[in-house]
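Notes follow the structure.
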Amino acid sequence: MSALLAMDKVRGGYGDADILLGVSLVVAPREIVVIVGPNGAGKSTAMKAVFGLLKVRGGSILVEGRDITGLATNRIVEAGVCYVPQVDNVFREMTVHENLEMGAFLRKGDLSAAYDRVYALFPDLKERQKALAGNLSGGQRQMVAMGRALMLEPKILLLDEPTAGLSPKYMEQIFQICRDVRDSGVAILLVEQHAKQALAFADRGYVLAQGANRHEGTGAELLADREVAEMFLGG
Amino acid sequence: MLDLINFYLVPGIVLGSIYALGAVGITLVFAILRYAHLAHGDLATLGAFLALAVVSAIGLPVYAALPVAMIVTAGVAVGVDRLFYDYLRERPKIVTVMASLGVALMIRSLVQVIWGVDAESYTRGISRPENWWGIRLKDREIATVAVMIGLVLALQLFLLRTKWGKAMRAMSDNPDLALLSGIDNRKVVTLTWIIVGGLCAASGYFLGLNTELKSLMGWQMLLPMFAAAILGGVGRIEGAVIGGLVVGIAEELSVLVLPSEYKAAMAFAILLVMLLVRPTGLLRGKVL
């Protein structure tokens, strides 16, 4: 299995204290990988480490075998990694279409194929192209955020709690979109609060606790693991 | 009625247009760079005197001096950013605000060293107003308002239609997400200063054209320009224009009820009332 993204024993944090104490994970092409774990386990932090949003003090982060540790954010974007933050993930005072256009900022030439692709994944957005992103519902906003990230045609998409605060209906819809995105050839790494549902739909999962790996395996394996169930999934 | 228009409203709109040009720049700096730029007025002074240099030394017509002054001032603004503000980007914003006060004093001193402290003007003699159905307008007054409207419309088109204009809006809207989208923030900052420098020069030039050039002219405009930007709503271009016009007209009309020494206090009063009553401004800008 050649890794698209490989984190190896990554340590780091925002200030002087380390939040990540050795996180390792691998994402293969066309794979949905989920990170679950209790609050404060360093799930979102691990994701931000990939994106160079915190100080990485140890370990390495490779994208397709190339070390991206410590690169500037726009270089990491150029390497084919796109990140959707949990909050504030759209340009509120810009239209849906403009949000997508900003997502493709680094691309030159004709973008119509990229727009078509994103609008095919999110038919809701196509109808609301001219609406301001800030006026959309939470679920639609999440779609704009994912669409913006997909405009760059990344190799891997990082999603930080895409279903936080959404109704079960929207949650299922977002998961379905993740599958569609995966099937279109983009790997996905996501952090999820809803551990059960996420493990059920992901290809593989990692359980983090206190800034380090605790368990890993396929979604089904982790769901069946008694210790995982008791510790993180609330029985 | 005509007297009211000729003596108060027309000068108010002209002054308001001059404030508007400055306020649009202030609101752009607030929205994209997120600090109050106190050297704004003195940058306008520099622009006005650069135009004077073009008129008196090179002998170009008065109106031709405007684009030259705008381009040179834009260059100065970018240079100031690279020399001073760029180093402070990661520090608390108040550090940059204080640095901009230092820059203001430097620019003013430079103007005084080069052009002296006496009042100057672009043209000699008196310009006669023309009569438009009883309303008396001078050419330069029409030019001031027309150029202000033209520049603001051009800026709006740029921000709404072009890729880099949209990048500026994105940076104002959500700077973190703009970075995540791969937008080069250094280029956006440079572009912002080019626009802001040009607008500064235009406001200084028109103040000089309609009154006279003094080394303190821009500094004295700083408060009304800030009042206009906050009145309109921070980050709102059209708000800054409305704010500028309101402050300009209010200053001229205040003479009807207050001694004229209090004219300058009008902007301060508007600023205070606005911050107390509606800090988002008339058009719902950002809260600072």
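State all residues of region B:56-107 that are outside any helix (DSSP H, G or I), more than 24 Å from B:Asp139 (Cβ to Cβ) and touching a helix residue (DSSP H, G or I) at 6+ places or on another chain (Cβ under 9 Å); if no residue qualifies, say none. Scanning region B:56-107 gives B:Phe84, B:Arg89.
Within region A:165-179, none of the residues are part of a strand (DSSP E or B) and either hydrophobic (A, V, I, L, M, F, W, C) or over 18 Å from A:Tyr83 (Cα atoms) (or both). Of A:Asp88, A:Asp8, A:Asp18, all but one fail to be in a loop (DSSP other than H, G, I, E, B) and touching a residue at least 12 places away in the same chain (Cβ under 8 Å); the exception is A:Asp18.
Look through region A:80-94, keep the residues that are surrounded by fewer than 19 Cβ atoms within 10 Å (Cβ to Cβ) and more than 20 Å from the chain's Cα centre (by Cα), and return whichever of them is nearest to B:Lys166 (Cα to Cα). Among those that are surrounded by fewer than 19 Cβ atoms within 10 Å (Cβ to Cβ) and more than 20 Å from the chain's Cα centre (by Cα), it is A:Glu93.
The number of residues in region A:139-198 that are among the small types (Gly, Ala, Ser), touching a helix residue (DSSP H, G or I) at 6+ places or on another chain (Cβ under 7 Å) and within 14 Å of chain B (Cβ to nearest Cβ) comes to 2. Restricting attention to region B:158-187, which residues are surrounded by fewer than 21 Cβ atoms within 10 Å (Cβ to Cβ) and among the aliphatic types (A, V, I, L, M)? Result: B:Leu159, B:Leu160, B:Leu179. One residue stands out in region A:70-85 among those that are more than 8 Å from chain B (Cβ to nearest Cβ) and not in a loop (DSSP other than H, G, I, E, B): the one that is modelled with the lowest pLDDT, namely A:Arg75.
Residues in region A:154-181 that are out of contact with any strand residue (DSSP E or B) (no Cβ under 7 Å at 6 or more places or on another chain), aliphatic (A, V, I, L, M) and touching a residue at least 40 places away in the same chain (Cβ under 8 Å): A:Ala164, A:Ile177. Selection of region B:152-174 for residues being touching a residue at least 12 places away in the same chain (Cβ under 8 Å) and within 19 Å of A:Leu132 (Cβ to Cβ) yields B:Gln156, B:Leu159, B:Ala167, B:Met168, B:Ala170, B:Met171, B:Ser172.
Quick grid of which residues meet (1) within 17 Å of B:Leu216 (Cβ to Cβ); (2) loosely packed, with under 15 Cβ neighbours inside 10 Å:
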position: B:Leu15; (1), (2): yes, no
position: B:Ile18; (1), (2): yes, no
position: B:Phe49; (1), (2): yes, no
position: B:Ala65; (1), (2): no, no
position: B:Gly75; (1), (2): no, yes
position: B:Tyr85; (1), (2): no, no
position: B:Leu88; (1), (2): no, no
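Among the residues of region B:168-189, how many are within 19 Å of B:Asp86 (Cα to Cα) and either facing chain A (nearest Cβ under 10 Å) or out of contact with any helix residue (DSSP H, G or I) (no Cβ under 6 Å at 6 or more places or on another chain) (or both)? Before the answer, list the steps.
Of all residues in region B:168-189, those within 19 Å of B:Asp86 (Cα to Cα) come to B:168, B:171-172, B:175-176, B:178-179, B:183-189.
Among the residues that remain, those that are also either facing chain A (nearest Cβ under 10 Å) or out of contact with any helix residue (DSSP H, G or I) (no Cβ under 6 Å at 6 or more places or on another chain) (or both) are: B:171-172, B:175-176, B:178-179, B:183-187, B:189.
Residues in region B:168-189 being within 19 Å of B:Asp86 (Cα to Cα) and either facing chain A (nearest Cβ under 10 Å) or out of contact with any helix residue (DSSP H, G or I) (no Cβ under 6 Å at 6 or more places or on another chain) (or both): 12 in total.
Within region A:106-130, residues that are farther than 19 Å from A:Thr95 by Cβ have Cβ atoms under 7 Å from residues that are part of a helix (DSSP H, G or I) in these pairs: A:Leu106/A:Val77; A:Leu106/A:Glu78, counting only partners at least 6 apart in sequence or on another chain.
The values are calculated or read from the model by the stated rules, or taken from the named source; none is laboratory data. Keep in mind the model is a prediction, meaning the values are calculated, not measured. Please note: Cβ atoms are built from the backbone with ideal geometry, for glycine as well, and neighbour counts cover all protein chains shown.
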